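**Student:** Have a look at the structure that comes next, please.
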Amino acid sequence: MENKVLISPLDEKKLLEHLLDNHELRRQRILFNRFLGNPIWWVACRQNGRGKLAMHSKCAHIWSDPRAESLSCKKQILSALARHLKNPSPFQVECRKHRLATYCIPLIVQNTRLGVLCMSHIRPAMLRKAPVDLLNSTIRLLLTNIVREYELKRLSESVRPRAIALSTVHTVHRIINSTLNLDELVTRLAHLTAQVLRAKTCAIFLYNRAKVPHLLVERARAGGPAKPAKRKRALRAGEGIEGRVFHTAKHVIRKNLICVPLIDEDVIGVISLNDKKEGASFDIFDQEILTTLAEEAVIAIKNAQLYEEQKKVTLGAIQSLAAILGARFAHTRRLTSDSLLKITLAIADYLKLSEEEKQAIHYATLLKDAGKIGLPDEIFRKPSKLTGEEYQMVRQHPVKGAMIVQSFESLKPVAPIILYSHENFDGTGYPQGLKGNAIPMGARILSVVNAFDALVAGRPYKTRATLIEAMHELRQHRGTQFDPRVIEAFEHVIARPPIAKLLTGI
Amino acid sequence: MASDSLPTGDQAKVIRFFLDNPNSIDTPRGVSAWTNLSLPECRRILEELAKKGILLAYRTSSTVGYSLTENKKILQTLQKLAKKPHQK
């Protein structure tokens, strides 16, 4: 069954122009000219689908036949065409004065008359049945093909923008799902959403159940004033448009604003956009796109929130363990766990390590003494030199610490930092004698911080060092025991607040 | 922009795609489908245009998404150049 497409007056005009431009029709014209004695080809149509029939203005130009402009018996032919207006079959018009005929083929598409294809100045004897039948079939086929091409083009024009929009939504989905950091995710989402919907501003509000009263807090904003407000907006459910969307779980769409809820099992927030660029208005297409983006964003946001929760639980467990270790080994330290952590993370910041590396160093600093848990206290309090056996036991503690930590999937990146924290930069350390950059950076940092803490805490066999003495000792071993870059970073970090303040009294 | 019209050939195709679809954010594979360019060629052109600041690049571990810059000056220049006829 042939699919029918509605043909508007604009379509009629375009179809006719497609026909006139058609390469195959030109080729057929050249072929049929031999049978018909080189007639003048032209098309009669109505201007804008109304009014009198007239020659199409482009005929002479397109078919390069200047004879079309001085067609004899033109009025007679046009009158005949008008009389045959409802005739769907080809017909002939005779010009007795010049003893010539015009052969006319109505161009009909789905009961719509586009015009009439005429071949004038034919000697009547040339209009034999065989070539005329072939001509009729050829024109009918050409017309069918042109209409099909036109329909496909229209379909493509209607489908293409939607396909591009779908591809955009998919790309945005991939970009926002590439991070589990909630702040980074919502910031990216706000920028991308503003770009996709061509809005001047986009804000993302998430519901904060942790604090009372429960508020809808603005977590990210794209666009807006050059100097953003110092405090992020916070709304109660039902307050303002965003609060209302959150409360009702229904979108709002206006000329200059569109706001949709972020819905998981409950409403977890809203996305709100203002002021489309170039003065345009938000429309139903924008609402569809935004709703799709919101549905994808919810999954990404929930994943990031779950990841944050998991991190908090892990950190809580680690901090509890660190507190136990701290209590057990308090006598071996001068600095508190918190101070050690601040120094370590400040060095990591100075060296521009990634967030993942900093997190691993954070946990490693808290758990670095985990391997010592099985060692007897006497070893740590012994004022004299350790025996060979005792020394071997102590050298095993990084290995044992790494094994303890490695048993937790989420702490696997932490294990190498603990394991190699007693390696020396020149390869003379333990347990594996790694050298230089083969030692993980986190381990090189921990090595310096541990050594500093041991120096300022003192040992049963050694008095405490002052800050200056400790720094001197560390510098002495730059390049041998310690990575020079880490020593430089350490010197920089402890010279400035807030770290310098932590070390007053040392 | 050094020239007084859009670059010819494949770079122009990509720029025109983004000018015609300013809210599009797409990967090299997507842009290659819309512009009928080969994937390797498309990747190369997209990176070049990102380096020039004509496109923004959003990089993830698995892909890169490209969109048209939001820089008004560059956009105005591109739109003016796009109206001019192609030059060889």
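Since every read-out is calculated from the coordinates, none of them should be taken as a lab result. None of the values given here were measured: they were computed from a predicted structure. So basically every Cβ, Gly included, is an ideal-geometry build from the backbone, and we count neighbours across all protein chains shown.
**Student:** Helix A:355-367 versus the longest principal axis of chain A: what angle, 0 to 90°, nearest 10, using Cα atoms?
**Tutor:** Here the helix axis deviates by roughly 20 degrees.
**Student:** Also, quick follow-up: Towards the positive end of the charge dipole of chain A, with charges on Cβ (+1 Lys, Arg; -1 Asp, Glu), say which of A:HIS251, A:SER281, A:GLY238 has the farthest Cα.
**Tutor:** Working it through, the farthest residue towards the positive pole turns out to be A:SER281.
**Student:** Please give the helix A:337-350 orientation as an angle from the longest Cα principal axis of chain A, in degrees from 0 to 90, rounded to the nearest 10.
**Tutor:** With rounding to tens, the tilt is 40 degrees.
**Student:** Okay, next question. Taking 31 Å as the cut-off for C-alpha to C-alpha distance, list the pairs among A:LYS200/A:LYS250; A:LYS302/B:LYS73; A:LYS255/A:LYS312; A:LYS368/A:LYS501; A:LYS311/A:LYS501 that go past it.
**Tutor:** A:LYS302/B:LYS73; A:LYS255/A:LYS312
**Student:** For segment A:301-343, what are the per-bin percents of Cα-Cα distances with bins 5 Å wide, up to the bin holding the maximum?
**Tutor:** Answer for segment A:301-343: a P(r) of 5, 20, 19, 19, 13, 11, 7, 4, 2 percent.
**Student:** Take every Cα-Cα pair in segment A:76-172 and report what % of them are more than 20 Å apart.
**Tutor:** Tail fraction, whole percent: 54.
**Student:** Just to be sure I follow: if Rg is taken over the C-alpha atoms of segment A:379-506 and Rh is the Kirkwood radius over the same atoms, what is Rg/Rh?
**Tutor:** Across segment A:379-506, the Cα-based Rg/Rh ratio is 0.98.
**Student:** Might you report the magnitude of the Cβ-based charge dipole of chain A about its Cα centre, with Lys and Arg at +1 and Asp and Glu at -1, to the nearest 20 debye?
**Tutor:** For this selection, approximately 2700 debye.
**Student:** Arrange the peptides A:116-127, A:379-390 so that the one whose residues have, on average, the most other Cβ atoms within 10 Å appears first.
**Tutor:** A:116-127, A:379-390
**Student:** Taking beta carbons within 10 Å but only from partner chains, what does the mean come to for residues A:352-363?
**Tutor:** Mean shielding count: 0.
**Student:** Please compute the contact order of chain A in relative form: average sequence separation of alpha-carbon pairs under 8 Å and at least six residues apart, divided by the residue count, as a percent.
**Tutor:** RCO, chain A: 8 percent.
**Student:** A further question on this structure: Hey, could you grab the Kirkwood Rh for chain A? Inverse mean 1/r over distinct alpha carbon pairs, Å, one decimal.
**Tutor:** 31.0
**Student:** On average, how many beta carbons from a partner chain sit within 10 Å of the beta carbon of a residue in A:175-185?
**Tutor:** Per residue, the number of nearby Cβ atoms from other chains is 2 on average.
**Student:** For every helix of n ≥ 4 consecutive DSSP H residues, a contribution of -39,500 (n - 2.57) applies; sum these over chain B, divide by its total residues, and give [θ] at 222 nm rounded to the nearest 500 deg cm²/dmol.
**Tutor:** -16000 deg cm²/dmol
**Student:** Right, another one. Once Lys and Arg get +1 and Asp and Glu get -1 on their Cβ, which of B:ASN71, B:PRO22, B:ALA82 lies farthest toward the positive end of the dipole of the protein assembly as shown?
**Tutor:** B:ALA82
**Student:** OK, next. Quick one: A:GLU24, A:GLU265, B:GLU47, fewest Cβ neighbours within 10 Å first, how do they rank?
**Tutor:** A:GLU265, A:GLU24, B:GLU47
**Student:** Additional query: If we count other beta carbons within 10 Å of each Cβ, what is the order of A:ILE164, A:ILE506, fewest first?
**Tutor:** Ascending Cβ contact count within 10 Å gives the list A:ILE506, A:ILE164.
**Student:** Based on the mean of other Cβ atoms within 10 Å per residue, sort peptides A:491-498, B:39-46, A:193-200 so the most packed one is first.
**Tutor:** A:193-200, B:39-46, A:491-498
**Student:** Find the centroid of the Cα atoms in segment B:15-85 and in segment A:107-165, then give the distance between the two in whole Å.
**Tutor:** Here the two parts' Cα centres lie 39 Å apart.
**Student:** I would also like to ask the following. Can you spot the lysines whose alpha carbon is less than 20 Å from B:LYS13's alpha carbon? Ignore those fewer than 8 places along the same chain.
**Tutor:** A:LYS153, B:LYS51, B:LYS52, B:LYS80, B:LYS83, B:LYS84, B:LYS88
**Student:** Sticking with this structure for a sec: If each DSSP helix of 4+ residues adds -39,500 (n - 2.57) and the sum is divided by the residues in chain A, what number results at 222 nm, nearest 500 deg cm²/dmol?
**Tutor:** So the calculated ellipticity at 222 nm is -16500 deg cm²/dmol.
**Student:** Provide a whole-number value for the mean count of partner chain Cβ atoms within 10 Å of the Cβ atoms in peptide B:10-23.
**Tutor:** Other-chain Cβ atoms within 10 Å of each residue's Cβ, averaged: 2.
**Student:** Round to the nearest 10 and give me the degree value, 0 to 90, for the angle of helix B:72-83's Cα axis relative to the longest principal axis of chain B.
**Tutor:** 70
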